[in-house]
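Below is one structure, written out as structure tokens, with a few remarks after it.
The values are calculated or read from the model by the stated rules, or taken from the named source; none is laboratory data. Please read these numbers as outputs of a predicted model, since none were measured by experiment. Protein only, heavy atoms only, side chains kept; ligands, DNA and RNA dropped before computing areas. Shrake-Rupley method; radii C 1.70, N 1.55, O 1.52, S 1.80 Å.
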Amino acid sequence: RELPSRERCEDRALARTPAPRRVPARSPRKPRSDTAVAMSVVDGLPFADDKKKYIVSTLDPILEVPGKPLDFMISWLRKRSGLTAVSANVSVVQKNQQLKQELRQIKSSIEEAGTAIKDDAKDEDEEEESDDEVDEIPEDFKKPEAQLGRARQSVSAEAYGTWNQKKAFTAPVHAKSNDQKDRLKGTLAKSFMFSTLEARDLETIILAMKEVPVKAGERVIKEGDDGDFLFVIEAGSLECIKLIDGVEKVVKTCDPGDVFGELALLYNAPRAASVVAKNDCVCWQLDRESFNHIVKDAAVKRRERYETFLKSVSLISSIGAYERSQIADALVPETFKKGDMVVRQDEPGDKFYIVEEGNLYAMKGNSRVMEYKSGDYFGELALLKNQPRAATVAVDSDVAKVLSMSRQSFSKMLGPLQSLLARHASEYK
């Protein structure tokens with residue numbers, strides 16, 4: 001038989017091969033989001049939607065096991081410590097370069113600050129020099145020509161310097177009759193500047209004062225003059241006159257018991273105003289040295305003496321030096337004679353007392369219940385309990401000196417000692 005040709009065989013084979021099936025084209029499938037996948041996990045759980053969201057957004061990230069736990073932990077720790085991946089991967093060489101750069105910046109800042117400080121100091125020096133240069137002295141500050149040759153030294157020259165140390169001082173004594181002493185004592189008692197002086201200091205001041213009669217219209221002191229005296233008025237009235245806008249005007253009237261001229265002594269300044277007598281007056285004159293050594297120094301000496309004395313008072317000896325000095329400044333000296341009653345039973349009390357010198361005793365009815373000597377104290381019951389005096393306290397010695405303290409000072413300064421005072425009060429009969 002005739003064999004078929006090659007072409008015919010190929011045609012037959014192709015004819016027998018079935019045609020390929022046509023599959024309809026599908027649209028590309030969208031990948032599901034992580035949230036959708038996670039929500040699909042909790043879809044079957046019997047929870048509300050908000051709880052499912054909490055599980056997916058909060059719990060799953062925590063509970064999920066990472067593929068590489070070590071890398072995950074390192075990344076988490078870096079975030080917690082504030083380190084970024086870049087900074088964590090910086091090499092040692094790069095870190096050294098960064099540190100050197102920071103050091104250079106700090107050094108530069110310090111140099112700039114030093115230069116600024118020097119410039120500021122230089123500017124201040126220049127300002128001080130410019131302040132010292134006064135183009136013209138105001139007319140109000142100029143002294144009269146008559147005073148230029150006899151100007152006194154400044155305050156610093158009077159008070160300081162090894163060459164100007166304080167010398168022994170003896171107050172002058174101007175003879176006075178007993179009547180003059182009594183009159184002057186009564187006058188000084190009206191003045192706040194002298195009323196707190198102790199008896200011996202007051203006696204020294206009285207003897208150092210000089211009586212000065214003044215006629216009506218007489219100018220006692222003149223504005224702008226240097227002052228070396230103060231005056232205490234015993235009788236009459238004087239007017240303080242100040243030059244204002246070229247016109248002399250009365251700014252104050254001084255009456256008996258008033259002091260004038262003390263500002264020039266206190267502040268070492270020229271007279272601030274003129275003083276002219278309205279009528280015939282009697283004044284007492286006190287010099288600068290007596291004033292400085294007695295009136296001003298009396299306060300310092302009194303504090304030192306009281307601080308030393310308070311160390312012997314059992315109640316106060318245990319407190320600090322500062323508190324003790326505050327108490328010393330608040331104490332007011334009072335003197336009584338034998339038989340005098342310092343406090344009376346059933347009367348209101350507003351003072352606390354410390355015995356400085358002498359002997360006293362307390363009476364309740366007709367019974368003598370307590371004895372007081374130097375360093376003892378009394379009068380605290382009325383202040384602690386806010387009640388009348390529980391007993392009468394009288395002087396047993398010829399003279400007794402006590403230091404009193406007001407209710408306000410007592411509450412302020414001895415408040416921390418109230419428990420001790422109350423315990424001592426319980427011992428009273």
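Coordinate range of the alpha-carbon atoms in segment 236-341 per principal axis, descending: 62, 36, 23 Å.
Starting from the Cα-Cα distance between Phe47 and Val250, subtract it from 0.36 nm times their residue separation and give me the gain in nm to one decimal. Can you show the working numbers first?
On the way: separation 203, 0.36 × 203 = 73.08 nm, distance 9.74 nm.
Contour length minus the Cα-Cα distance gives 63.3 nm.
Across the cross-link table entries Lys301/Lys412; Lys181/Lys296; Lys337/Lys373; Lys190/Lys401; Lys301/Lys338; Lys181/Lys338, which are compared at the Cα atoms, the separations over 26 Å belong to Lys301/Lys338.
With every protein chain kept in the model, how would you rank Phe260, Phe309 by accessible area, 1.4 Å probe, largest at the top? Numbers along the way, then the final one.
Values: Phe260 10, Phe309 30 Å².
Heavy-atom accessible area, descending, gives Phe309, Phe260.
Using 0.36 nm per residue and subtracting the Cα-Cα separation, the extra length available between Lys338 and Ser57 on full extension is 91.4 nm.
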